[in-house]
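Asks: Structure provided below as structure tokens; questions to follow.
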Amino acid sequence: MSRPSEALSSLPSATDAALRPLHWDEYVGQKQVKANVRIAIDAAKKRGGMPEHILFYGPPGVGKTTLAHLVASTLQAPLKNTSGVAIERAGDLAAILTNLEPGTVLFIDEIHRLSRKIEELLYPALESGHLDIVLGKGPSARTVELALSPFTLIGATTRVAELSGPLRSRFGGGTFQLDFYTNEDLRDIIHRSASLLNLAAPEEVIEQIAARSRATPRVANALLKRVRDFAEVHDRDISSELLDEACALFGIDALGLTKDDRRYLETLLTSFRGGPAGVTALAAGLHEDPDTIEHVYEPYLLRLGFIERSPRGRILTEKGRLYLSGEKSGGMF
């Protein structure tokens, strides 16, 4: 089953790389985060060393990976990419860390997926630049200390609360939250992407794509590409009318909500009389798991003010009810 933003959240890697900002002045939004990270980089460069380890957290698609690339390019350092789920065993971590070139930026995406055992192995690597490996078992077991080349770890996560306190405390370079984007910033991003894709998109279309992009640059770029494909297949110019037709086919409304978002709201209204409804009960009603409810469906609905989280469960707000009534009457919210 498709997720609310899955269809719009993934770009092919080649296109993702082509649209990714290469310089700080091309990176739109997150001004305070950018300023803080630049200070950490510039201070480290003046000392002739590497910045301390950095943690980025926030919703998917808001620029965490892009910031890691910009840090590496500013330092003129090699960038090594991996993910928390890919590091399953101590040997996996040892292979990565011991093969880093001096001055590498190591980027671990979804770092909250690391097991506690792997986290504990990381502590000395982050603090003192060595890795402790246990060889053998039982009475003959011994610990070998491996010296590591200097590196900077950049962690990224959508669920910072799932990181242990000891691991979070190792990010001495700063822990930074990336938030959803404004429509104004999204318009700037879409303008740049349209130029890179050689698309002629009227200003009103740029505005409408921004409004349907769930406050997320990755979604904005993906929707722009899908509209381009729709226009090419139908041999038509991009216009507001074409955008409406395309989004009707995609199941995306004027606010960027999908059929799955609407199904969530309808279930909360009809099955639970608008709430409060516990996340487990909602998940059962939607045939989803609670984790998907909390981290995929709800963040954007909360941002729109269509639902509230209370100690007793989820509640459909008056704004959410008005949205649903507009949907049923065929009106635009």
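Asks: Starting from the 7 Å offset along Cα-to-Cβ, what nm value, one decimal, do you get for the label separation of residue 38 and residue 95?
Replies: The modelled label-to-label distance comes out at 4.0 nm.
Asks: Can I ask one more? Considering only protein heavy atoms and a probe of 1.4 Å, how much of the accessible area of the chain is carbon and sulfur, as a whole percent? Write out the running numbers ahead of the final one.
Replies: On the way: 8060 of 16140 Å².
Result for the chain: 50 percent of the exposed heavy-atom area is carbon or sulfur.
Asks: Based on C-alpha coordinates, I'd like the Rg and Dmax of region 72-123, in Å.
Replies: For region 72-123, the Cα-based Rg and Dmax read 11.4, 33 Å.
Asks: Per 0.36 nm of contour for each residue apart, how much would the distance between residue 319 and residue 134 grow if the chain were fully extended, relative to their Cα-Cα spacing? Could the numbers behind the result be given before it?
Replies: Working: separation 185, 0.36 × 185 = 66.60 nm, distance 5.76 nm.
60.8 nm is the gain from fully extending residue 319 to residue 134.
Asks: Separate question: Calculate one ³J(HN,Hα) per residue across region 107-123 by plugging θ = phi - 60° into the Karplus curve 6.51 cos²θ - 1.76 cosθ + 1.60, and present them in order as whole Hz with x for glycine and proline.
Replies: Coupling constants for region 107-123: 9, 10, 7, 6, 5, 5, 7, 5, 6, 4, 5, 5, 4, 5, 5, 6, 3 Hz.
Asks: Compute the normalised compactness of region 38-144: alpha-carbon radius of gyration over 2.2 N^0.38 Å, N being the residue count. Working shown, then result.
Replies: Values: Rg = 15.5 Å, N = 107, 2.2 N^0.38 = 13.0 Å.
Cα Rg divided by the expected 2.2 N^0.38 Å: 1.19.
Asks: Using θ = phi - 60° and the Karplus relation 6.51 cos²θ - 1.76 cosθ + 1.60, list the HN-Hα couplings for region 303-317 in order, rounded to whole Hz, with x at every Gly or Pro.
Replies: Each residue's phi maps through the Karplus curve to give 4, 6, x, 7, 9, 10, 9, 10, x, 8, x, 8, 10, 7, 7 Hz.
Asks: Determine one quarter of the surface area of the Cα convex hull of the chain, which equals its mean projected area, and express it in nm² to one decimal.
Replies: 20.0
Asks: Taking the mean number of other Cβ atoms within 10 Å as a proxy for protection, how do you rank 230-237, 179-186, 60-67 from highest to lowest?
Replies: Numbers: 230-237: 12.2, 179-186: 17.6, 60-67: 22.9.
Per-residue mean Cβ counts within 10 Å order the peptides as 60-67, 179-186, 230-237.
Asks: Taking R0 as 30 Å, what FRET efficiency do you get between residue 294 and residue 79 from their Cβ-Cβ distance, rounded to the nearest 0.05? Before the final figure, lay out each step's value.
Replies: Details: r = 31 Å, r/R0 = 1.04.
Efficiency for this residue pair is about 0.45.
Asks: Residue by residue through region 263-269, what is 3J(HN,Hα) from phi via Karplus (6.51 cos²θ - 1.76 cosθ + 1.60, θ = phi - 60°)? Round to whole Hz and write x for glycine and proline.
Replies: Along region 263-269, the couplings run 5, 4, 5, 5, 5, 4, 6 Hz.
Asks: Could you work out the relative contact order of the chain, using alpha carbon pairs under 8 angstrom and six or more residues apart, expressed as a whole percent?
Replies: Working: 468 pairs, mean separation 59.9, N = 333.
Over the chain, the number comes to 18 percent.
Asks: Considering only DSSP beta bridges with both partners in the chain, what is the antiparallel share in %, to the nearest 5? Please report the intermediate quantities before stating the final value.
Replies: Details: 11 of 29 bridges.
For the chain, the DSSP antiparallel bridge percentage is about 40.
Asks: With label points built 7 Å along Cα→Cβ from the Cα atoms of residue 245 and residue 161, find their separation and express it in nm.
Replies: According to this spin-label approximation, the distance is 4.5 nm.
Asks: Rounded to the nearest 5, what is the percent of antiparallel bridges among the DSSP beta bridges in region 79-233? Walk me through the intermediate numbers first.
Replies: Values: 6 of 16 bridges.
Given both bridge residues lie in region 79-233, the antiparallel proportion sits at roughly 40 percent.
Asks: Highest mean first, how do 109-115, 320-326, 85-91 rank when packing is the count of other Cβ atoms within 10 Å averaged over residues?
Replies: Working: 109-115: 20.6, 320-326: 16.9, 85-91: 14.3.
So the order, starting with the most tightly packed, is 109-115, 320-326, 85-91.
Asks: Quick check for you: with a 1.4 Å probe and neighbouring chains kept, what is the accessible area per residue of the chain, in Å²?
Replies: Values: 16140 Å² over 333 residues.
Result: 48 Å² per residue.
Asks: Please report the Cα spread of region 198-309 along all three principal axes, rounded to whole Å, starting with the longest.
Replies: Its Cα atoms span 47, 22, 21 Å along the three principal axes.
Asks: What angle do you read, to the nearest 10 degrees and between 0 and 90, between the alpha-carbon axis of helix 318-329 and the longest principal axis of the chain?
Replies: 50
Asks: Moving on. Could you tell me the distance between the Cα centroids of region 158-226 and region 262-310, to the nearest Å?
Replies: 24
Asks: Further question: Out of region 237-279, which trypsin sites (Lys or Arg not before Pro) are coil in DSSP terms and have no more than 10 other C-beta atoms within 10 Å? Walk me through the numbers on the way to the answer.
Replies: Working: sites: 259, 262, 263, 273; in loops: 273.
For trypsin sites (Lys or Arg not before Pro) across region 237-279 that sit outside H, G, I, E and B with at most 10 neighbouring Cβ atoms in 10 Å, the list reads 273.
Asks: Sequence-distant or interchain residues sharing an amide H contact under 5 Å with residue 83, placed H: which?
Replies: Close amide H contacts, sequence-distant or interchain: 109.
Asks: A further question on this structure: Between residue 115 and residue 280, what is the FRET efficiency for a Förster distance of 25 Å, r being their Cβ-Cβ separation, to the nearest 0.05? Could you put the intermediate results ahead of the total?
Replies: Values: r = 25 Å, r/R0 = 1.01.
Efficiency computed from Cβ-Cβ geometry: 0.50.
The values are calculated or read from the model by the stated rules, or taken from the named source; none is laboratory data. Note that the structure is predicted; figures quoted are calculated from it, not measured. Positions of Cβ are generated from backbone atoms using ideal geometry, with glycine treated the same way; all protein chains shown enter the neighbour counts. Accessible surface is based on the protein model in full, side chains and every heavy atom, while ligands, DNA and RNA are left aside. Shrake-Rupley method; radii C 1.70, N 1.55, O 1.52, S 1.80 Å.
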